[in-house]
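Read the structure below first, then the notes.
The values are calculated or read from the model by the stated rules, or taken from the named source; none is laboratory data. Just so we're clear, the structure is a prediction, and the values are computed from it rather than from any experiment. We place every Cβ from the backbone using ideal geometry, glycine too, and count neighbours over all the protein chains shown. Note: areas computed on protein heavy atoms with side chains; ligands, DNA, RNA excluded. Shrake-Rupley method; radii C 1.70, N 1.55, O 1.52, S 1.80 Å.
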Amino acid sequence: MILVVAEYAGGKLGKSTLEMMTAARECGREGPITLLVLGQDVAAVATEAAAVADQVLVGDLPALAQYNPEVWAAAVTQIAKEGEASTVLIGGSRSGREYAPRVAVKLDAPYLEDAIKLTASGDALQAQRYTYLARVTETVEASGPVIVATVKPGSFAPAAPAAAAGEQFDIELELPASRTEITGKSVEKTSRVALSEAEVIVTGGRGVGSPENFAQFVEGLADNIGAGVGATRAVVDAGWRPYAEQVGQTGKTVQPKAYIALGVSGAVQHLSGMGKSKNIIAINKDAEAPIFKVADYGIVGDVNQIVPALIAASKK
Amino acid sequence: MKILTLVRQVPDAEARVKVSGDRVDLDGTTLVIDGMDEYGVEEALRLREGDTGVEEIVALAVGPKKVEDALRTALAMGVDRAIHVETDERFDAVALSKIVAQVAGSEGSDLILLGGQEADWDSQALGAASAERLGWPQLTWTNELKVEGETLTGRHDVDDGNEGFKVNLPAVITAQQGLNEPRYPTLPNIMKAKKKELRKDDLGSFVVQPGVKYLGAEIQTRARLNKMIDGKDPQAAAEQLLDLLRNEAKVLA
Ligand SMILES: Cc1cc2nc3c(=O)[nH]c(=O)nc-3n(C[C@H](O)[C@H](O)[C@H](O)COP(=O)(O)OP(=O)(O)OC[C@H]3O[C@@H](n4cnc5c(N)ncnc54)[C@H](O)[C@@H]3O)c2cc1C
């Protein structure tokens, strides 16, 4: 079987799960596609899952109320072994990429990380993935009776529902106790569209000048055109904006239809988080700024002058 | 407490990455210690300076001969000694974790510190895989860390925000931005580092085989339009840009 571990949030199956289902259907590995749902009170998620998978295994347990990498790794490993999985697909989220290596070690399986493409070739599975801060695309290959892979969000089209709903089965799990105590969580909130979902993102860099200008120019433009708001690390480090908005190597990876960078230089670490955007638009007063090398549309000019004009002109 | 820090050597952020044939070609490229591993090294040094009972800090690197330079940087920052497993072969993180676990075992390490993501293979897997082999817990993307006795507390980034944690040693911690600002090695410390021990461990003393084969590498640059608009007349420039975004790129309504 191909085992896919469902990702969900707020009681709803995540887009990443549907993307993994496409990867599972198209990769050419053998076996029925099984979605594994782990958590507590996940009946609604399991029902959604049944619409896209051949079968759904549901681990609905108090011990799974809170995500923990060791607990998740143990659960996934047990099910992979019992089902003699040939392939285990896990989301390329922060959490997925922190427990997937544990699953690979437990199964003595090779691990293909953050795949953007998966293709079976005989007994082997080939993956494409980005390396060198997303500047290089590498092709790698693993073989063996079972292979673990994480799937980069946004790399596959979301799967459509299957012809018939899959059957649901409750599973029993032997789980280790978590050794990590969580002492308080703070969840990112935004009044705008989340960066991962946004089709258009307006990002401000140090060139915007001040937190006040950021609110006026970056948020002002974003609100006019219904965009999400991003920031560079320089702006986050300066305390102008929350870390939740940071795009780049140590922040979020985004791939919107349009990425509008205001006063952003285009450092490698920033590019690695947004360089795959479909359209890149840059406004910078320095014609030599590296961001222009990756820009589809660029204005060489002062954000203090250009952005107010843009805001005025984009008001309907 | 004995700390093991893991160090990689990666292209300098300013360096242009090139591919020759089916490989990334690092000939002539300036190589530096991975910035995220540097957070790990710095944190080890701060834990010691904070008087939390750190007995020794060791840096480990696996890779070609030139990786010595990255280890020398760690030594110059203040690490006590270094271990280099020299090999030109490329090991994926799950394979590499065997070496890490074996070294941590023979060194009697209680805490492993490394970067949250590698700047060369963009991998986040080494910390977790090493923790699994050692049977230790792990915390990834850590941006705050304190040690009291055998207990680690701190904060780390998770999928939808961040959370505080408390865990007992031994453990693996991967570092994230915000944890600290790494120091620059001073000239006297660079001189001193030359005399510190840099031990070579033979790859043959580890039972390790790559689990992943590398078939090829390419630089796929997306063709960009590079349409530049002069901003001298802000009004006209703004209107021209909006027109292009609406009618050519079709990304705005
Ligand atoms: C390990 C590591 C991880 C990192 N991770 C990230 C990351 O995740 N995300 C990230 O963004 N960075 C990251 N960085 C930092 C990165 O290297 C850059 O320092 C940062 O991206 C620069 O931000 P910036 O473009 O806002 O600022 P700057 O580089 O200072 O650029 C400001 C730009 O604004 C322009 N400008 C100035 N005034 C005006 C004006 N009035 N009108 C128009 N343009 C103007 C300037 O010409 C310049 O190009 C990381 C660095 C390290 C070492």
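Compared with its chain on its own, the stretch B:158-176 contains the following residues whose accessible area drops by 10 Å² or more in the full protein assembly (probe 1.4 Å; ligands, DNA and RNA excluded): B:V158, B:D159, B:D160, B:G161, B:N162, B:E163, B:G164, B:F165, B:K166, B:V167, B:Q176.
The amide H of A:G92, built 1.01 Å from its N in the peptide plane, has A:V151 as neighbours under 5 Å, considering only residues 5 or more places off or on other chains.
Simple spin-label estimate for A:V187 and B:K2 gives 4.4 nm between the two label positions (7 Å along the Cα-to-Cβ direction from each Cα). Shown is the FRET efficiency for A:D41 and B:E107, computed with R0 = 35 Å from the Cβ-Cβ distance and rounded to the nearest 0.05: 0.20. Entry comment: accessible area of the protein assembly as shown is 41 Å² per residue, from protein heavy atoms only and a probe of 1.4 Å. Largest first and in whole Å, the equivalent-ellipsoid semi-axes of the stretch B:109-191 read 22, 16, 15, each the square root of five times a Cα gyration tensor eigenvalue.
Let me know the charge dipole size of chain B about its Cα centre in debye, to the nearest 20, where only the beta-carbon of Lys, Arg (+1) and Asp, Glu (-1) is charged.
Values: 31 positive and 44 negative charges, 103 e Å.
Result for chain B is approximately 500 debye, rounded to the nearest 20.
Of the GluC sites (Glu not before Pro) found in the stretch B:64-130, the ones in coil according to DSSP and having at most 16 other Cβ atoms within 10 Å of their Cβ are B:E89.
Express in % the proportion of alpha carbon pairs of chain A at distances exceeding 23 Å.
Numbers: 29898 of 49770 pairs.
Of the Cα pairs, 60 percent sit more than 23 Å apart.
Computed from Cα positions, the angle between helix A:94-107 and the longest principal axis of chain A comes to roughly 30 degrees.
Loop-located GluC sites (Glu not before Pro) in the stretch B:188-251 (DSSP state not H, G, I, E or B) with no more than 11 neighbouring Cβ atoms inside 10 Å: B:E197.
Heavy-atom accessible area buried between chains A and B is around 6900 Å² (1.4 Å probe, both sides summed). Counting only trypsin sites (Lys or Arg not before Pro) that are in a DSSP loop and have at most 12 other C-beta atoms within 10 Å, tell me the longest site-free stretch of chain B. With a cap of 12 other Cβ atoms within 10 Å, the longest stretch comes to B:17-193.
Quick one: which bits of the stretch B:59-101 get at least 30 Å² less accessible when the partner protein chains are in, versus the chain alone, with a 1.4 Å probe? In the stretch B:59-101, residues shielded by partner chains: B:R90, B:V94. From the alpha carbon centroid of the stretch A:205-219 to that of the stretch A:33-110 is 42 Å. Overall, the accessible surface of the protein assembly as shown at a probe of 1.4 angstrom is composed of carbon and sulfur to the extent of 49 percent.
Working from Cα pairs under 8 Å separated by at least six residues, relative contact order for chain A is 14 percent. Note every residue of the stretch B:239-253 with a reduction of at least 40 square angstrom in accessible area, all protein chains present versus the isolated chain, computed with a 1.4 Å probe, or write none. With the partner chains in place, the stretch B:239-253 has these residues losing at least 40 Å²: B:L241, B:L242, B:L245, B:V251, B:L252.
For the stretch A:31-103, the list of GluC sites (Glu not before Pro) that fall in a loop by DSSP and count at most 12 other C-beta atoms within 10 angstrom reads A:E84.
Using the reciprocal of the averaged 1/r over all distinct C-alpha pairs, how large is the Kirkwood radius of chain B in Å? One decimal place: 20.2 Å for the Kirkwood radius. Heavy-atom accessible surface of A:V254, to the nearest 10 Å², is about 10 Å², with a 1.4 Å probe and all protein chains retained.
Computed 3J(HN,Hα) for the stretch A:150-158, one whole-Hz value per residue from the Karplus formula 6.51 cos²θ - 1.76 cosθ + 1.60 where θ = phi - 60°, is 9, 10, 5, x, x, 9, 10, 5, x, glycine and proline marked x.
Close amide H partners of B:Q117, meaning residues 5 or more places away or on another chain with modelled amide H under 5 Å apart, do not exist here. Positive end of the dipole of the protein assembly as shown (Cβ unit charges, origin at the Cα centre): among A:I79, A:V52, B:G216, the Cα lying farthest that way belongs to B:G216.
Using θ = phi - 60° in the Karplus curve 6.51 cos²θ - 1.76 cosθ + 1.60, the 3J(HN,Hα) couplings for the stretch A:202-207 round to 10, 10, x, x, 4, x Hz; x is entered for Gly and Pro. For A:A282, the residues whose amide H sits under 5 Å from its own are A:A261, A:Y297, A:G298, A:I299, ignoring neighbours fewer than 5 places away on the same chain, with H placed 1.01 Å from N. In the stretch A:1-36, which residues have a backbone nitrogen under 14 Å from the label point lying 7 Å from A:Y67's Cα in the Cα-to-Cβ direction? The answer is A:5-17, whose backbone nitrogens lie closer than 14 Å to the label point.
3J(HN,Hα) couplings calculated from phi for the stretch A:81-86 with the Karplus curve 6.51 cos²θ - 1.76 cosθ + 1.60 (θ = phi - 60°) are, in sequence order, 5, 4, x, 6, 4, 8 Hz; Gly and Pro show x. Within the listed set B:A82, B:A93, B:A15, the Gaussian network model of chain B (springs between alpha-carbon atoms below 10 Å) gives the highest mean-square fluctuation for B:A15. Note on B:E14 and B:E55: their simple-model spin labels are 4.3 nm apart, each label 7 Å out from Cα toward Cβ.
Axis angle, to the nearest 10 degrees, between helix B:68-77 and the longest C-alpha principal axis of chain B: 80 degrees. Across the stretch A:243-316, Cα pairs under 8 Å and at least six residues apart give a relative contact order of 26 percent. What shape does the stretch A:200-315 have by the C-alpha gyration tensor, where a ≥ b ≥ c are the square roots of the eigenvalues, rounded means a/c under 1.5, and otherwise prolate means a/b greater than b/c and oblate the rest? In terms of gyration-tensor shape, rounded.
Assuming 0.692 mPa s and 37 °C, estimate D for the protein assembly as shown with Stokes-Einstein, Rh taken as the Kirkwood radius over Cα pairs, in µm²/s. Rounded, D is 133 µm²/s. Remark: for residue pairs A:K12/A:K276; B:K18/B:K192; A:K252/B:K227, the C-alpha separation exceeds 30 Å in B:K18/B:K192.
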